[in-house]
1. Given the conditions (1) within 20 Å of Leu61 (Cα to Cα); (2) at pLDDT below 95, report the number of the one that Lys288 does not fulfil.
2. Exactly one condition in (1) surrounded by 20 or more Cβ atoms within 10 Å (Cβ to Cβ); (2) within 16 Å of ligand 1 (Cβ to nearest atom); (3) of a type outside the set (A, V, I, L, M) is false for Lys147; which is it?
3. Looking at Gly244, Gly240, Gly201, Gly215, which is the one that is within 15 Å of ligand 1 (Cβ to nearest atom) and either closer than 22 Å to Leu128 by Cα or at pLDDT below 95 (or both)?
4. Filter the stretch 164-183 down to residues that are surrounded by 19 or more Cβ atoms within 10 Å (Cβ to Cβ) and not hydrophobic (A, V, I, L, M, F, W, C), then give me how many there are.
5. So Asp361 clears everything in (1) within 14 Å of ligand 3 (Cβ to nearest atom); (2) out of contact with any His (no Cβ under 7 Å at 6 or more places or on another chain) except one condition, right? Which one?
6. Among the residues that make up the stretch 210-232, is at least one of them without any contact (Cβ under 8 Å) to a residue 12 or more places away in the chain and surrounded by 15 or more Cβ atoms within 10 Å (Cβ to Cβ)?
7. Give all pairs with beta carbons closer than 6 Å in which a residue from the stretch 180-204 that is of a type in the set (Phe, Trp, Tyr) meets a residue that is within 16 Å of ligand 1 (Cβ to nearest atom); count only pairs at least 6 apart in sequence or on separate chains.
8. For the stretch 146-217, which fully contained strands (runs of 3 or more DSSP E) count at least 3 residues that are closer than 18 Å to Leu277 by Cβ?
Amino acid sequence: MLPLTPKPLCLGALAAALLTGCNQQKDHAAATGAAADSTSVTSPAGPAPTDTVAKVGNPQLLFTLDDAHNTPDGLALAPNGHLILSVPNLADNTQPAVLMEIVGDSLRPYLTNLPVEPTTKKAAPMDLAFGPDGNLYYAENQYENSKDYKSRLMRVTVTNGKPGKVETVVDGFGLANAVVWKGNTIYVTDSQWDLPANDKGSAIMRFKLAELQRGPVHLKPKTMDPHVLTTFTTTVNETGVDNGADGLDYDSQGRFYTGSFGDGTLYRLTLKPDGALDKKEVLTTGGKRIPCVDGLIVDRNTDKLYLCNSRENAIEIVDLKNNNQVTTLAKNGDTDGTGGLLDQPAEVLLKGNRLYISDFDKPEKNFVNKKSDAPHTMSYIDLP
Ligand SMILES: [Ca+2]
Ligand SMILES: [Ca+2]
Ligand SMILES: [Ca+2]
């Protein structure tokens, strides 16, 4: 893959510049040898980012986004090799949520008219994944807008790489978060699936493609809905966060992994051949205790699990073939994201040897990251 050039020229640029101008600026600069475009702002206002707590690794700047794209989150690899990025704009949701497309080293709009949920009047796309039908599915986090089970699983019909209509395929989630397809089944974490006797609940749900093709599924909140594969309980700590199961992926043996955002517990799930749950284990890790798990991905060539430790502003590697030994790939202090320093990573995606990182930058209490701030950024790390 070609090396990616960070785009400092786009700092603070207007939406129009973000959507159409960054690559042109770069191409122009390259063609003319100009060091900078005179119309661009080259540095953010205010002091340089502090990074006094820790610095491990060397994350690089992938993109700088403008204020209309203030909270990047989910990443999906499309069949054509492009990446799709969700931007729920939860830090400032006066800006409509959108999906964007990463092609090579450029970023462009993909879908800017996502259907809003009728009662919250917001769209809130989180993780996303392409199904075996070639369509794109994304989970919604409406929990920030309503605690009343308004989150959905949505399907974007994709034809020749182009998005078409967007439909609800499942509703009634508390906080739909991560999605992953395995065969003809999509697995979805709900980070706020509470039960009558457990207000610290979360769950993994699963749905067969054929069921989603028959029309919208309506979950039954506060029940063990038949789509629930298994549930979890968050042990609330000094962050006060009770969100549970978050990132989700599976290893080379088909075993699933999820982690709790609120307390950092990592779980391994083994399924029976018929898809029912066989075993649910708490993963014992070596090296360090991870206090918070957001997005994660398993490299099934190596069975190394890469996860976003949102609270500690770090990317951790869990070596599933080596006693779940944890090593920190990258870690920064309280930054604004300038230059690609981590700014509360939420999602990772591996393509080739490049780890793409979304900097969510929307902190909770007692997180290393202290505030949502410009610049809004994506980072990357090229693995050895
Ligand atoms: Ca809850
Ligand atoms: Ca930032
Ligand atoms: Ca920040």
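1. Result: Lys288 fails condition (1) only.
2. (1)
3. Gly244
4. 4
5. For Asp361, the failing item is (2).
6. Yes, the stretch 210-232 contains a residue that is without any contact (Cβ under 8 Å) to a residue 12 or more places away in the chain and surrounded by 15 or more Cβ atoms within 10 Å (Cβ to Cβ).
7. Filtered contacts from the stretch 180-204: Tyr187/Ile204; Trp193/Gly174; Trp193/Gly201; Trp193/Ser202; Trp193/Ala203.
8. Strands (runs of 3 or more DSSP E) meeting the threshold: 176-182, 185-190, 201-208.
The values are calculated or read from the model by the stated rules, or taken from the named source; none is laboratory data. As the structure is a prediction and not an experimental result, all values here were calculated from the model. Reconstructed Cβ throughout: ideal geometry from the backbone, glycine too, with neighbour counts over all protein chains shown.
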